[in-house]
Amino acid sequence: MQTLFNQLVYFAFFQCLLLLGVFLFSKKNRRNINAFLAILIITLFLGLSGRVLYAAGVFGGNWRLNSLSEWAAMLFGTTLYLFTRSSLQNRKLKTNDLLHYVPSIGYMLFILIYFVLANDVVISNRIQTGELKRAIWACHAVGLVVNITYWGMSLKVLLDFKRQIKNELSYTIKTNFFKYLHVIMGIGFLIWLTLYIISLFGYDMIERDARPSIWMAMAFVVLFITYYGMISPEVYRIQQLETIQKYAQSKLSNADLDAMKKQLDQLMEEKKPYLNNRLLKAELADMLGTSNPELARLLNENIGMNFFEYVNYYRIKEFVALARTEKAQHLTFYGLAQEAGFNSKTTFNKSFKKLMGVSPSEYFNNQKITS
């Protein structure tokens with residue numbers, strides 16, 4: 001088991017080197033890849049390098065090499081937050097962003113002075129008095145608080161983004177990379193928290209034996225990033241939509257909104273813009289001859305749907321109509337859904353069930369029974 005663990009760590013370590021080589025030495029990638037992704041890879045590289053050097057017996061297998069992992073672990077939550085925010089909100093690296101690393105830098109300096117630079121005699125005295133254990137508990141507590149706080153902030157950015165795009169897009173975009181990255185990081189922090197609580201109850205041996213799971217978590221994050229880099233590299237460059245203006249200052253009266261609703265309904269019935277499976281709210285507003293914020297107000301206040309729901313409502317109507325034509329003899333339900341403007345089978349099924357209360361197959365089976 002130990003051999004397998006070491007092999008996984010070594011593989012992830014060299015994978016970090018490969019990724020850094022691709023990101024840093026390719027002019028095209030340096031220009032396009034999110035800077036915080038590179039920082040995350042460097043952080044993982046530092047965390048794994050301590051374990052690799054220690055296992056390889058470098059510097060006599062000095063235990064202080066493991067402190068590199070302590071340094072890296074402190075950076076995970078902060079870097080995850082900045083990476084998610086910059087990717088989904090299209091924010092480039094700014095000097096002010098580095099202020100988020102102040103707690104991590106302070107933590108690193110303390111680790112360096114207190115653990116790494118202290119000689120063996122001092123360390124031995126601290127062990128005997130129990131001071132070293134208390135210092136370790138304090139360091140882990142700080143690390144957990146900072147990391148979990150930033151992980152929560154990052155998760156909020158992701159959830160806000162997913163809510164916002166439903167007011168701007170009529171289709172779904174892939175955010176699985178960020179979702180799964182948060183899940184993996186969250187599991188890692190949960191393991192860390194569990195080990196910390198175990199150590200507080202005096203079960204130091206269990207905590208010590210389980211500690212390699214932290215390096216395992218680092219290795220899995222590296223492999224996860226590499227996997228997505230191969231199958232879907234564009235996720236590293238997801239850009240947020242343009243800033244949406246508030247419509248609170250809209251001057252349209254209720255009568256204006258009612259008239260606009262009739263125009264919109266007529267537009268949807270006659271020109272069927274919803275058949276465009278990449279339709280944007282800004283495009284529909286332009287077709288209606290109004291502004292994006294005014295259309296947002298109409299949808300939310302007068303119609304009671306967000307843009308995503310409204311467009312998919314018409315797509316469902318189109319799908320039901322198509323299912324009763326000869327096309328249904330040659331196409332699957334999803335094939336018909338694509339004809340109606342859907343670009344995702346999952347979105348189609350969810351939208352249909354939300355509107356109709358049943359799945360497409362159940363709906364048409366019920367129709368046959370009724371007829």
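Summary of packing: across the peptides 347-356, 133-142, the per-residue average of other C-beta atoms within 10 Å ranks them, highest first, as 347-356, 133-142. The apolar share of the surface of segment 274-371, taken as the fraction of accessible area on carbon and sulfur atoms (1.4 Å probe, ligands and nucleic acids excluded), comes to 49 percent. The label-point distance for residue 301 and residue 329, in a model that sets each label 7 Å from Cα toward Cβ, rounds to 5.1 nm. Overall size of segment 261-332 from C-alpha positions, given as principal axis extents largest first: 42, 21, 21 Å.
At what distance in angstrom do the alpha carbon centres of segment 71-87 and segment 329-359 lie from each other? Each part reduced to its Cα centre gives a spacing of 38 Å.
Peptides 178-185, 120-127, ordered by how many other C-beta atoms sit within 10 Å of their residues on average, highest first, read 178-185, 120-127.
Computing FRET efficiency as 1/(1 + (r/R0)^6) for residue 349 and residue 191, where r is the C-beta to C-beta distance and R0 is 25 Å, gives about 0.10.
What's the extension gain from residue 162 to residue 200 if we count 0.36 nm per residue and subtract their Cα-Cα distance?
Roughly 9.8 nm would be gained on extension.
Each peptide among 107-113, 147-153, 76-82 gets the average number of other Cβ atoms lying within 10 Å of its residues, and from highest to lowest they stand as 76-82, 147-153, 107-113. In plain terms, the chain from residue 275 to residue 226 could stretch by 14.1 nm, reckoned as 0.36 nm per residue minus the Cα-Cα distance. Projecting the Cα atoms of 330, 355, 313 onto the charge dipole of segment 268-360 (Cβ charges, centred on the Cα centre) puts 330 farthest toward the positive pole.
Only alpha carbons enter this Debye calculation for segment 294-353, each as an equal point scatterer, and the log10 of I(q)/I(0) it gives at q = 0.17, 0.19, 0.27, 0.29 Å⁻¹ is -0.57, -0.67, -1.03, -1.12.
Pairs over the 26 Å Cα-Cα cut-off, from the set 92/166; 261/345; 281/317: 261/345. In the context of the full set of protein chains, residues of segment 77-187 present 52 Å² of accessible surface per residue (probe radius 1.4 Å, heavy atoms only).
The values are calculated or read from the model by the stated rules, or taken from the named source; none is laboratory data. All figures in this text were calculated on a predicted structure; none of them were measured in a lab. Please note: Cβ atoms are built from the backbone with ideal geometry, for glycine as well, and neighbour counts cover all protein chains shown. All accessible areas refer to the heavy atoms of the entire protein, side chains included, with ligands and DNA or RNA removed. Shrake-Rupley method; radii C 1.70, N 1.55, O 1.52, S 1.80 Å.
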